[in-house]
1. Multiply the residue gap between Cys28 and Glu74 by 0.36 nm, knock off their C-alpha separation, and tell me the result in nm, one decimal place.
2. Calculate the spin-label point distance for Met1 paired with Ala44, positioning each point 7 Å from the Cα along the beta-carbon direction, and give it in nanometres.
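Every read-out reported here was derived from the displayed coordinates using simple, explicitly stated rules and does not represent laboratory data. What you see is a predicted model, and the numbers here were worked out from it, not measured in a lab. Positions of Cβ are generated from backbone atoms using ideal geometry, with glycine treated the same way; all protein chains shown enter the neighbour counts.
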Amino acid sequence: MRELQELVSRTSMLVAFFEPAASSECACEEHDEILLALQKGDAARAVKAMHVHLSLIETRLRPRVGNTAAPDAEAEIARAWAAAQSSDAETA
């Protein structure tokens, strides 16, 4: 279970860092499909939905052709850290 939690955490970080903002919106539908299959006890459908979801994440994370500008990693990490700190302060 710990390995799964670490994988989800790392994947979430990569998605937040590299995925275009508009792409995140469709992920909710992908999650809904997985959850619906699990709720119905349909393991085969859940596995297929999860495979599709992970494949789409992989596709969305691939560099775009013609997009030669690399993101400023330090600025992005600082922005993400500030957002996390702000979120933590709001929930405290």
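1. 13.7 nm
2. 3.0 nm
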